[in-house]
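To keep things clear, I will list the structure first and then write my remarks on it.
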Amino acid sequence: METPVLNPAASHPLWQHQLGLLLESTGEGIFGIDLDGHCMFINRAGAQMLGHEVRDVLGSNMHELTHHSHPDGSHYADTDCPIFNAFRRGLPCRIDTEVFWRRDGSAFAVEYSSHPIMDGTQVRGAVITFVDITERRRQAEALQQAKDELGQRVQERTRELSDALAQLRELSAWLDKVREDERTRIAREVHDELGSLLVALKMDVNWIGKRLGEQQERTPDAAQAMREQMRCKCTNMSQLIERAVDNVGRIITDLRPSILDHQGLWAALEWQAHEFVQAAELELDWRFDVPPGVELPEPAAIAVFRIFQEMLSNVGRHAKASRLGIRIGAEQGRLSISVRDDGVGAPAQAFEAATSYGVLGMRERARHFGGRIDIESRVGEGSTFRLHLPLAADACGGLR
């Protein structure tokens, strides 16, 4: 904006009328001050923003009237005022960090410009334009707050994602260890039990083969006695084979119970529950309330079975319980399984620890099928594990 220069023609009535129309046609506040800071003119928009009538402002010291204090209410000396610097030093300015004060004592955020009025080389005063930027400031602050909140949420989500990835890596490492431990256990059982049985069977087969080769050289009585020994040996071999078959079946059951394939999930859960309480010497309160026809697809059924196994495993490892309550039900399109013990319990936060890999594994399995795991536990009051899993429409059967 160029510095205003007084033109002698401006004193002509026509020019004054046109300048008056110009002042009143703008929504900005405009006023002029002389070298003493007194108001020479002000448009109606400016007076209204300040809460005054035009006639009340004319002749007033504008700094004392509307610019006397900082936003915090502290005194604002006119020697520091940028408006006055426009004619004292010939320095135009544009400020948007201050406030003007209204007649009622309230302040509003303002953006103003001050330019010296020149008469040739002499400064005659200054012209000031200003606008109320309260709404703009509010919007800017709201935008900044929104940006800050968004940035904070991004940081929180990034941190949560980082934590989740770290948990997944730890869970993956734990699952690898569990699988390796399981392989080691199975290899040990195959070596220690099946291996010894097969070695014994091999020795018996070699013994029989050797005796058969000598049979023709024996007397009839000796041959008959040898046949009796062979029958005994075959009986012993049959028993060894039965033991081997039992061991193979037990290993297979540990890996994947055949009842899960042959009789379905519900029978497998009941079998697993009774197997567990028998081994752990616990009392069982079993309640099953799933309508006929409700079945889960195989992937979901396997996940539910493994979650149930982990719930029981947690009871066996930590609970020191004497009684176990199991509830299995389905209603309104959801499957629910709860396992409650009367053991020692634990602080609730213990199950949220990053190293609670069993709980993490259960939750990941449940989450994969749209479900969740809820845990309630108090020291001295036992623990309750609950699985909630949505049932697909084709799995609901007779469920209402």
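The values are calculated or read from the model by the stated rules, or taken from the named source; none is laboratory data. Please read these numbers as outputs of a predicted model, since none were measured by experiment. Note: ideal-geometry Cβ built from the backbone for every residue, glycine included; neighbour counts use all protein chains shown.
Residue count for the stretch 280-329 satisfying the condition of being under 26 Å from Val178 (Cα atoms) and charged (D, E, K, R): 6.
Select, from Arg243, Arg317, Arg323, the only residue that is of a type outside the set (Phe, Trp, Tyr) and at pLDDT 90 or above.
Arg323
Being surrounded by 12 or more Cβ atoms within 10 Å (Cβ to Cβ), without any contact (Cβ under 8 Å) to a residue 40 or more places away in the chain and within 59 Å of the chain's Cα centre (by Cα) is the filter here; which residues of the stretch 183-221 pass it? Arg185, Gly195, Ser196, listed by residue number.
So, in the stretch 377-400, of the ones that are closer than 14 Å to Ala301 by Cα and assigned to a loop (DSSP other than H, G, I, E, B), which residue ends up modelled with the highest pLDDT? Among those that are closer than 14 Å to Ala301 by Cα and assigned to a loop (DSSP other than H, G, I, E, B), it is Leu391. Pairing each residue of the stretch 288-304 that is at positive phi with any residue that is not charged (D, E, K, R), provided the two are 6+ apart or on different chains, yields C-beta distances under 6 Å for Gly293/Gly397; Gly293/Gly398.
Does Glu24 satisfy the criteria of being on the phi < 0 side of the Ramachandran plot, among the acidic types (Asp, Glu), at pLDDT 90 or above and assigned to a helix (DSSP H, G or I)? For Glu24, the condition - on the phi < 0 side of the Ramachandran plot, among the acidic types (Asp, Glu), at pLDDT 90 or above and assigned to a helix (DSSP H, G or I) - is not met.
Conditions tested, residue by residue: (1) touching a residue at least 12 places away in the same chain (Cβ under 8 Å); (2) touching a Phe, Trp or Tyr at 6+ places or on another chain (Cβ under 6 Å); (3) surrounded by 14 or more Cβ atoms within 10 Å (Cβ to Cβ).
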position	(1), (2), (3)
Gly249	no, no, no
Gln272	yes, no, yes
Ile326	yes, yes, yes
Ser338	yes, no, yes
Ala350	yes, no, yes
Met362	yes, no, yes
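Suppose the filter is crowded, with 16+ Cβ neighbours inside 10 Å and farther than 19 Å from Thr97 by Cα; does Asn61 pass it? Answer is no for this residue.
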